[in-house]
Structure formats: C-alpha cells, structure tokens
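First comes the structure, then the notes that go with it.
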Amino acid sequence: MKVGIIGCGSIGGFVAKWLSKADYFELVSIFDIDREKALRLAEELKVNVAENIDEFLKRDMDIVIEAASQQAVFDYAEKVLMSGKDLIVLSVGAFANEEFYSKIKSLAAKLGRKIFIPSGALAGVDAIKAMADYVEDVILITRKSPSSFDGKKGVIFEGTAKDAARLYPRNLNVAATLGIAVGFDKVKVTAIAEDVDENIHEIIAKSKFGEIKITVKNRKMEDNPKTSYLAALSVIKTLENIKGNIVVG
C-alpha cells in the first residue's frame, strides 16, 4: 500500500518513521507548508518531499494521512479525494463544521472514496459508537498541563463538542471524534489545565443498554505536550486494519 503524509510534525514524523520500516507499506511522499520541517524529515528517511499540494497529489498513492491541522483538512481534503485517493484524518475537529462535513462526506460517496477517522487519543470509541443510536449523553473531561493552554490554569472550557473542537483545534480534537461517533449535540466537554504528567481523558457514556466509563492517561509526545502517543499509534492501527484481512472492532 502506497502512503503519503501531509504534516511533518510530531504525529506525521512518528508515522513516517514507522512506515519507512514497515512491511506491506511504502511511504511515497511527504508535504508540509513548513518546508524546512519537511526537508529535515525527508533527509532522515530518504523520501520524496513535495513543494506544494498539487505536486504531492500527482504521486502514485493509495491513501493520504492528514497529520497537520484543521486548516489543512479544509484546504486539502477535497483535493485528496478528487485525486482518487482515500484519506485518514487526524484533525477531525474540522468536521465540526457541519456544512464542510456534509460536503466532504457527499464527495467521498460520489467518488467511491473512503475517509478514515482513527480513535486518536481516546479508547472505547468502538463501543460508544456501537450504542450511538441509544446514547442519552456523553461527558468528556480532559485534563492537560497548563503548557498545553498557554500557561493558563483551571477550567479552560465547558460546552459542546462542536465548540470545543472549533476553539481548541490542537487540544480537543478528541471531542470531535466523539461527536462524529454519536452526534455532536450529545457530547458535553470540560477541559481543565492542571499540573498533570499525562494527557488525561475521562469519558462517561450513558444509554438504555448501560453505561461506559473510561479513563485514558496518555504519555505526551516529547516535542509536543498537546499531543499524545496514542494518537500516533491509532493511525498505525488504522493503516493495519485497512490492509488486514481480519479487523477487530
């Protein structure tokens, strides 16, 4: 399977290095609007680095991984699909924009392309999605260090998943993942900045069939305290599921 990556930061770099050593996958090209960042990664991995998105999409690839930003999803998702490639989206908060989400979803259906959304820094998304039609409400409480919120402490945000993903695109993408799984109107979010060593997500989902309570304590990536290693690992697992013959969950 031939893969391209948009975004050469913490997650993009981690996945690119895994792909460079993985069987059954070929990292074809990388792209980042920060060209110096892309060039450094390309030099390390000896992989093609595209000068612009059009050059990137001309390469022969089966799937593109977006690991850049919500703006990258807005700018490039349509082009990726139109170029005949499937898409893995990390900055899923872009889909909190209902009009954009509807447009991309319709385009993918029209073109016969697929969009994959990894579970990211969360656990239990498969179970919560399974009971989505019966969910009464979902509560997400996120705790991160003040460094993730420009040094601020205390309750940073309380509100809907849609607003959380829009206002904190690099910290609360997990809210959008839950929103897509069960419906944005069912997810209530609280974000707290306090002195913690991990990025912690607590999820409580209630339905007529029972209740799910999950706490995830994620190790932060060394070069980006806003991002958890689990988010990068979820991309790798998504790739393996796409390639595999047996998929669990």
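Filter the range 90-130 down to residues that are assigned to a loop (DSSP other than H, G, I, E, B) and hydroxyl-bearing (S, T, Y) and give me whichever is farthest from I242 (Cα to Cα). For the range 90-130, the residue satisfying everything is S91. Take the conditions (1) hydroxyl-bearing (S, T, Y); (2) more than 30 Å from K2 (Cα to Cα); (3) at pLDDT 95 or above; S106 misses just one of them, which is (2). Search the range 1-24 for residues being in contact with a helix residue (DSSP H, G or I) (Cβ under 7 Å, 6 or more places away or on another chain), in a loop (DSSP other than H, G, I, E, B) and of a type outside the set (G, A, S), and hand back the single one that is farthest from I65 (Cα to Cα). My answer is Y24. Could you please let me know if G183 is modelled with pLDDT of 95 or more and on the phi > 0 side of the Ramachandran plot? Taking the combined requirement at face value, the residue does not satisfy it.
Can you find a residue in the range 146-167 that is under 25 Å from I242 (Cβ atoms), touching a residue at least 40 places away in the same chain (Cβ under 8 Å), crowded, with 18+ Cβ neighbours inside 10 Å and not assigned by TED's automatic domain parsing to the domain that holds Q71?
yes
How many residues does the range 64-105 hold that are among the aromatic types (F, W, Y) and closer than 18 Å to A50 by Cα? Give the steps one after another, and end with the answer.
Initially, the range 64-105 is screened for residues among the aromatic types (F, W, Y), giving 74, 76, 95, 100-101.
Then keep just the ones that are closer than 18 Å to A50 by Cα; that gives 76.
The number of residues fulfilling the criteria is 1.
Any chance the range 74-89 includes a residue that's at pLDDT 95 or above, under 22 Å from G183 (Cα atoms) and part of a helix (DSSP H, G or I)?
Initially, the range 74-89 is screened for residues at pLDDT 95 or above, giving 74-89.
Next, only the ones that are under 22 Å from G183 (Cα atoms) stay: 74, 77, 87-89.
Okay, now just the ones that are also part of a helix (DSSP H, G or I), so 74, 77.
The answer is yes; a qualifying residue exists.
For the structure I just gave you, tell me whether K208 is surrounded by 15 or more Cβ atoms within 10 Å (Cβ to Cβ) and either closer than 27 Å to D133 by Cβ or of a type in the set (A, V, I, L, M, F, W, C) (or both). Please lay out each step first, then the result.
Details: surrounded by 15 or more Cβ atoms within 10 Å (Cβ to Cβ): no; either closer than 27 Å to D133 by Cβ or of a type in the set (A, V, I, L, M, F, W, C) (or both): yes.
No.
Taking (1) under 21 Å from the mean Cα position of the chain (by Cα); (2) touching a residue at least 12 places away in the same chain (Cβ under 8 Å); (3) surrounded by 13 or more Cβ atoms within 10 Å (Cβ to Cβ) in turn, D126 satisfies each apart from (3).
With the condition kept exactly as written, say whether any residue in the range 158-172 is of a type outside the set (F, W, Y) and more than 20 Å from the chain's Cα centre (by Cα). Checked against the condition, which is being of a type outside the set (F, W, Y) and more than 20 Å from the chain's Cα centre (by Cα), the range 158-172 yields at least one hit. Out of T227, T142, one residue alone is at pLDDT below 90, under 17 Å from the mean Cα position of the chain (by Cα) and not assigned by TED's automatic domain parsing to the domain that holds F14. It is T227.
Every residue in the range 77-98 that is farther than 23 Å from D60 by Cα and surrounded by fewer than 20 Cβ atoms within 10 Å (Cβ to Cβ), please.
Here is the first cut: in the range 77-98, the ones farther than 23 Å from D60 by Cα are 91-98.
Within the range 77-98, N97, E98 meet the criteria.
Residues that are of a type in the set (G, A, S), in contact (Cβ under 8 Å) with a residue 24 or more places away in the chain, farther than 21 Å from K226 by Cα and surrounded by 22 or more Cβ atoms within 10 Å (Cβ to Cβ) do not occur anywhere in the range 184-202. Pairs linking a residue in the range 98-118 that is touching a residue at least 12 places away in the same chain (Cβ under 8 Å) to a residue that is polar (S, T, N, Q), with Cβ atoms under 6 Å and 6 or more positions apart or on different chains, are F116/T238; P118/S234; P118/T238. Scanning the range 6-53 for residues that are over 22 Å from L233 (Cα atoms) and among the β-branched types (V, I, T) yields I33, V49, I53.
Taken together, the residues in the range 99-120 that are of a type in the set (F, W, Y) and either surrounded by fewer than 14 Cβ atoms within 10 Å (Cβ to Cβ) or within 14 Å of L239 (Cβ to Cβ) (or both) amount to 1.
The values are calculated or read from the model by the stated rules, or taken from the named source; none is laboratory data. All figures in this text were calculated on a predicted structure; none of them were measured in a lab. Cβ coordinates were reconstructed from backbone atoms using ideal geometry, including for glycine residues, and neighbour counts include every protein chain displayed.
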